[in-house]
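The structure appears right after this line, and notes come after that.
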Amino acid sequence: MAVVTMRELLESGVHFGHQTRRWNPKMKRFIFTERNGIYIIDLQQSLAYIDAGYEFVKNTVARGGTILFVGTKRQAQEPVEEQAKRVGMPFVNQRWLGGMLTNFQTMHQRLQRMKELEEIDFDDVAGSGRTKKELLQMRREYDKLNRTLGGVRDMARTPSAVWIVDTKKEHLAVDECKKLGIPIVAILDTNCDPDDVNYPIPGNDDAIRSVSVLTRVVADAVAEGLLQRGGAKTGNEEAGAELGGDEPLAEWERELLEKKDESAAPAAEAPAAESTEAPAAEAPAAETTEAPAAEAPAAEATEAPADK
């Protein structure tokens, strides 16, 4: 089954590109035609690239990797946050701070500072031992950190791959990923450079519905990868530890796995019931076969004195 249909892409406006005067010639191979001064993207190619990106994301997460969702433009902020939270992945939807990946050690220190500020009750002036002004400054510091780094507060290391909406706007993120060799999965509009992206998805990166449907597809790939990772852990603890690392499963993932186990339980109980009844049915047969063997030595013992 396809991860997304042609109808969904058409209804979401994924096929609309930029004006013909605003384009990157490298995107020519992804363009189907031009209509009313706007390029139309070839959705047949988009479907193929969506499948490739979906498989990559799913396999990456199944091996224990994390996907960072990035989209700071107004149209992308809400879907990026919503879908990343749905699958328990880090996200950046406000402002990309320079060095967020290439200077991860410093960013990690800022995350620790934010977690320290979380422990402070800003309304308890008497119990905190601080003045109102100090608490106000700390609250402002916390609000600023939470706004920019709140989506990556639990990211302990650089991500395995990055999902980006609009590579031109997020050029800082693209540059850092290329420098570190982190694979990029991204929406490519007709004004983008396909050479910057490892797994391009030709499509409209300006319409909210287009961004939402493509980000949802990536989140679905993450969800499937998490389920595969969880299945590997339950089936074989040692293999699961190698694949999944030390990352805990998301709450929604545990619920799905519990439902899956509950549905599999009735099917497993039926063979178990048959196996418990089978020995009881076989017991009389075993006794009947063993009886002659037990009588044979007795017969020999009674006949032995007669021979003498």
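The values are calculated or read from the model by the stated rules, or taken from the named source; none is laboratory data. Everything numeric in this text was worked out from a predicted model, so none of it was measured. Methodologically, a virtual Cβ is constructed for each residue, glycine included, from the backbone with ideal geometry; neighbour enumeration extends over all protein chains shown.
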Can you confirm whether Thr234 is over 17 Å from the mean Cα position of the chain (by Cα), in the same structural domain as Ile67 (by TED's automatic domain parsing) and modelled with pLDDT under 95? yes
Quick check on this structure: which one of Arg63, Arg74 is of a type outside the set (A, V, I, L, M, F, W, C) and exposed (fewer than 15 other Cβ atoms within 10 Å of the Cβ)? Arg74
Determine, yes or no, whether Thr131 is of a type in the set (Ser, Thr, Tyr), out of contact with any Pro (no Cβ under 8 Å at 6 or more places or on another chain) and not assigned by TED's automatic domain parsing to the domain that holds Tyr49. yes
Can you confirm whether the stretch 112-135 contains a residue that is of a type in the set (A, V, I, L, M) and in contact (Cβ under 8 Å) with a residue 24 or more places away in the chain? yes
If Asp121 satisfies every condition in (1) surrounded by 12 or more Cβ atoms within 10 Å (Cβ to Cβ); (2) not in a helix (DSSP H, G or I) but one, which is the exception? (1)
Going through the stretch 73-106 one residue at a time, which ones are in a helix (DSSP H, G or I), of a type in the set (Val, Ile, Thr) and either touching a residue at least 60 places away in the same chain (Cβ under 8 Å) or within 15 Å of Leu214 (Cα to Cα) (or both)? Val80
Here the residues within the stretch 99-118 that are surrounded by 12 or more Cβ atoms within 10 Å (Cβ to Cβ) and in contact with a helix residue (DSSP H, G or I) (Cβ under 8 Å, 6 or more places away or on another chain) are Gly99, Met100, Leu101, Thr102, Met107, Arg110, Leu111, Arg113, Met114, Leu117
On the basis of being surrounded by 24 or more Cβ atoms within 10 Å (Cβ to Cβ), touching a helix residue (DSSP H, G or I) at 6+ places or on another chain (Cβ under 7 Å) and of a type in the set (D, E, K, R), does Asp205 make the cut? yes
If a residue counts only when it is in contact (Cβ under 8 Å) with a residue 24 or more places away in the chain and in the same structural domain as Asn198 (by TED's automatic domain parsing), which strands (runs of 3 or more DSSP E) contained entirely in the stretch 1-72 have at least 3 such residues? 16-19, 38-41, 67-70
Is it fair to say Asp123 is modelled with pLDDT under 90 and over 30 Å from Pro200 (Cβ atoms)? yes
